[in-house]
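Below you'll find the structure, written out as structure tokens, and then a few comments.
Laboratory data are not the source of any read-out in this text; all were calculated from the coordinates shown. The shown structure was predicted, so the numbers you read here are calculated from the model rather than taken from an experiment. In this analysis, Cβ positions are derived from the backbone assuming ideal geometry, glycine residues included, and neighbour counts consider all displayed protein chains.
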Amino acid sequence: MKRPRATIVFVIACSLFVTCGVSSASPARSAAVDRPAATGPGFPVSVKSGDGTVRIASRPDRILCLSPSATQMLYEIGAGSQVVGVDEYSAWPANAPRTKFSGDETNAEDYLYLKPDLVIFAYPSGTIIQQLEKLKIPVLLLPAAATIADVDSQLVELGTATGHLNGAKNVESSFAADIASAVRSADGDGRGATYYIELDPTNYYTATSGTFIGAEFSLFGMRDIADAAGHGSQYPQISPEYILKENPDYVFLADTVCCGANARNFARRPGFSVLKAVHMNHVIGVNDSVASQWGPHTMEAFVSLLARVLRQSASS
């Protein structure tokens with residue numbers, strides 16, 4: 001790998017993911033398209049949920065989505081007009097009806113003013129699902145994806161649940177094509193390179209290749225230094241000494257928003273100035289959402305960015 005001439009540092013604002021993080025040739029979608037209702041199976045339907053199977057009696061027209069990833073998917077497949085509220089972390093699309101909700105609420109009655117006929121969670125708290133079920137409000141639980149195939153499955157589940165199955169299958173197909181195009185554009189650059197993705201600059205929490213963010217690196221044949229330290233956890237805590245020992249080729253800082261991490265202050269940490277990634281100017285700041293949101297918009301933008309970083313590193 002040749003030494004680059006300039007530092008490659010990209011800080012991607014969540015609301016400006018496409019314009020800041022991806023070139024104009026990027027396959028990432030720049031705006032939500034509220035497509036016409038797709039022809040799909042009639043209702044009632046049964047949909048696989050994270051806690052079992054949920055039965056949805058009729059097409060939901062007042063969806064409350066408390067998962068930024070699912071919000072992306074709903075608007076991608078054409079169900080945006082059925083959404084009456086999203087959580088405060090759903091930054092894309094910009095026109096989504098954001099609320100004060102975080103998804104950590106413990107009282108289902110907080111949601112009732114929106115009169116939801118479907119509530120979607122990624123990380124529900126306490127007994128909130130059971131409370132909603134007692135109120136006869138169906139709940140769809142879509143936990144964090146571990147693979148790109150999981151994203152595809154969630155697209156289809158949301159398509160089935162909302163009456164937009166064809167729209168979901170179209171997005172699934174274009175998502176796969178766009179990801180493949182970005183990977184081809186790297187032309188093998190980065191294969192075998194090691195990386196560290198940082199989620200917390202104080203406690204050094206990271207993610208292994210068994211997570212959805214790790215799956216994106218794996219597309220390029222990169223190797224995660226955290227895999228050997230996982231001990232069964234997909235989000236292990238490692239130490240500065242471990243990072244120094246593994247000496248990764250690339251460092252990705254997914255704690256730029258929460259904690260102000262950047263290439264400069266990373267290099268100033270005790271002992272880190274000797275790291276290969278620092279010397280090669282391969283310390284890259286990204287928006288925190290890349291490690292917590294698995295919607296197609298976020299994933300396509302990050303894969304496109306990663307391809308560009310690898311191409312620029314190889315050509316410099």
Original post:
In nm, what is the difference between 0.36 nm times the number of residues separating A94 and A149 and their Cα-Cα distance?
Top reply: 17.1 nm
Subject >> On Cα atoms only, tilt of 296-315 relative to the major axis of the chain in degrees >> reply: 10 degrees
Original post:
Using unit Cβ charges (K, R positive; D, E negative) and no other charged atoms, how large, in debye to the nearest 20, is the dipole of region 45-163 about its Cα centre?
Top reply: 340 debye
**OP:** Report the full-extension gain for the segment V257 to S81: residue separation times 0.36 nm, less the Cα-Cα distance, to one decimal in nm.
**Re:** 60.3 nm
Subject >> Among (i) 20.3; (ii) 21.5; (iii) 19.1, the entry that matches Kirkwood radius over Cα pairs in Å as calculated here >> reply: (i)
Original post:
Gap in Å between the Cα centre of region 162-218 and the Cα centre of region 220-295?
Top reply: 16 Å
Original post:
In what sequence do L112, L141 fall when counting other Cβ within 10 Å, fewest first?
Top reply: L112, L141
Original post:
Is the shape of region 184-296 best called rounded, prolate or oblate, per the rule: a/c under 1.5 gives rounded, else a/b larger than b/c gives prolate, else oblate, with a ≥ b ≥ c the square roots of the Cα gyration tensor eigenvalues?
Top reply: rounded
Subject >> Alpha carbon convex hull of region 266-316, volume per residue in cubic angstrom >> reply: 79 Å³
**OP:** Quick one: which residues, 5 or more positions from V86 or on another chain, have an amide H under 5 Å from its amide H? H modelled 1.01 Å from N in the peptide plane, none for Pro or chain starts.
**Re:** C65, R98, T99
Original post:
With a 10 Å Cβ neighbour count serving as the proxy for reagent exposure, in which order, fewest first, do S49, S125, S185 appear?
Top reply: S125, S185, S49
**OP:** Collect residues whose amide H, placed 1.01 Å from N in the peptide plane, falls under 5 Å from the amide H of F252; neighbours closer than 5 in sequence don't count.
**Re:** Y196, I197, E198, I284
**OP:** Only Lys, Arg, Asp and Glu count, each charged at its Cβ (+1, +1, -1, -1), so figure out the dipole size of region 109-160 about its Cα centre, rounded to 20 debye.
**Re:** 180 debye
**OP:** Tabulate in residue order the Karplus-calculated ³J(HN,Hα) for region 108-119, using 6.51 cos²θ - 1.76 cosθ + 1.60 with θ = phi - 60°, rounded to whole Hz; enter x for Gly and Pro.
**Re:** 4, 5, 4, 8, 5, 5, 7, 6, x, 10, 7, 10
Subject >> Net charge of Cβ neighbours under 14 Å - reference Y89; Lys, Arg +1; Asp, Glu -1 >> reply: -3
Original post:
Shape of region 45-163 from its Cα gyration tensor (a ≥ b ≥ c, root eigenvalues): rounded if a/c is under 1.5, otherwise prolate when a/b > b/c, or oblate?
Top reply: rounded
Subject >> Neighbour-count order for W294, W92, fewest beta carbons within 10 angstrom listed first >> reply: W92, W294
**OP:** Please find, in a Gaussian network model of the chain (springs between Cα atoms separated by less than 10 Å), the residue of S218, S289, S69 whose mean-square fluctuation is greatest.
**Re:** S218
